[in-house]
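The values are calculated or read from the model by the stated rules, or taken from the named source; none is laboratory data. Small disclaimer: the values here were computed from a predicted structure and weren't measured. Virtual Cβ from ideal backbone geometry, glycine too; neighbours counted across all protein chains shown.
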Amino acid sequence: MPLIKLTIIERKRILTLFTCLLMAVIAWLFLSLNNKYRYSAKTVLVYKNFPQKKAFHALQSDTVDLQVEGTGWQLLFARLRIKPQSIAISLEKLNSRNFIVFSEQLADINRQLETSQRIMSVVPDTLYFDFSQRAVKKVPVKLVYDFSFAKQYGIANDIVLNPDHVTLLGPDKELKRIGEWPTDTLRLYDMQSTTVARIAMMRNNMKNVNIFPATAEVRIPVDEFTEKTVELTLNVMNNREYEDIRLFPKKVKVTFLVPLSKYQQINENYMDAIVDIEEWKTMGHHRLRVRINRFPDHCKLISVSPAKVDFIIEK
């Protein structure tokens with residue numbers, strides 16, 4: 001295919017032609033983007049001015065479509081960047097009716113925008129709400145956790161939650177079904193010292209129930225455990241028909257793990273060892289099983305020696 005050879009003058013003319021075409025396209029694009037257009041953008045609703053004596057929840061999604069008027073530049077660059085990303089809607093009218101009309105609040109909605117964009121309408125234009133009598137209830141917080149400890153360490157005292165109750169606000173029918181409120185799962189591993197953490201409450205999926213506060217502080221007392229042994233005198237239960245029951249031996253040794261901080265404090269006064277004579281009367285046992293009837297919290301029983309004892313009954 002033969003090549004077309006152009007002179008310098010012809011090349012300049014072609015370059016000038018393409019330059020003019022490009023400038024014409026840029027000018028046309030500039031003028032077109034300066035024109036007004038309407039387009040749709042999604043946004044999330046945030047409610048304000050709640051009715052004081054009613055519990056409610058919306059009967060439709062809290063995401064709506066905004067019909068926005070703006071320039072072509074805004075359509076090109078800001079369609080998905082409506083600022084702010086949410087709009088606040090007043091619920092004051094819910095004191096006298098069960099629906100909200102967006103067209104009544106367009107002026108207030110447009111004042112919330114940070115750009116020259118203008119919201120012309122909202123789809124849907126009306127939000128409907130379900131109402132019930134508003135009630136208040138306090139329920140205990142349930143800590144959900146997954147802990148592991150370094151060797152010989154463990155929980156040495158009661159876990160403290162602050163606050164240990166949350167306040168629920170919503171329909172009485174809904175609140176009656178709630179007896180406690182769990183937290184998110186607190187995961188702590190290889191613990192070997194007292195730990196303080198902040199944990200969020202479990203996500204609330206009920207739109208007509210509010211929860212306060214949304215977080216709690218958790219204190220987990222952790223201590224090193226060591227072994228301790230005490231002697232306990234055995235007590236006899238259900239001795240209603242016999243004058244005297246002799247046990248052999250009369251005492252047992254109880255071995256357990258105790259936090260180092262409580263080593264001196266925890267002794268035989270914090271626990272009881274018993275045998276039940278009903279084991280012989282109703283089950284025919286010739287030896288009685290030793291049971292620990294009372295035992296200190298956060299200590300860990302290792303063994304009771306002996307685990308069974310002999311006995312003689314004297315009437």
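Things worth noting here:
- Restricting Ile159, Ile109, Ile155 to residues that are β-branched (Val, Ile, Thr) and within 16 Å of Val64 (Cβ to Cβ) narrows the list to Ile109.
- When Asn157 is tested against the conditions (1) closer than 30 Å to His298 by Cα; (2) part of a strand (DSSP E or B), the lone failure is (2).
- Pro51 being within 30 Å of Asn208 (Cα to Cα), at pLDDT below 75 and either in contact with an Asp or Glu (Cβ under 9 Å, 6 or more places away or on another chain) or not hydroxyl-bearing (Ser, Thr, Tyr) (or both): no
- Counted residues, the stretch 160-177 - those being surrounded by fewer than 13 Cβ atoms within 10 Å (Cβ to Cβ) and either in a helix (DSSP H, G or I) or polar (S, T, N, Q) (or both): 2
- Check on Asp125, at negative phi, without any contact (Cβ under 8 Å) to a residue 40 or more places away in the chain and among the acidic types (Asp, Glu): yes
- Looking only at residues of the stretch 98-151 that are basic (Lys, Arg) and modelled with pLDDT of 80 or more, we find that the one that is surrounded by the most Cβ atoms within 10 Å (Cβ to Cβ) is Lys137.
- Tabulated pairs, the stretch 130-153, first farther than 20 Å from Asn208 by Cα, second surrounded by fewer than 13 Cβ atoms within 10 Å (Cβ to Cβ) and aromatic (Phe, Trp, Tyr), C-beta under 7 angstrom, 6+ apart or interchain: Ser148/Tyr189
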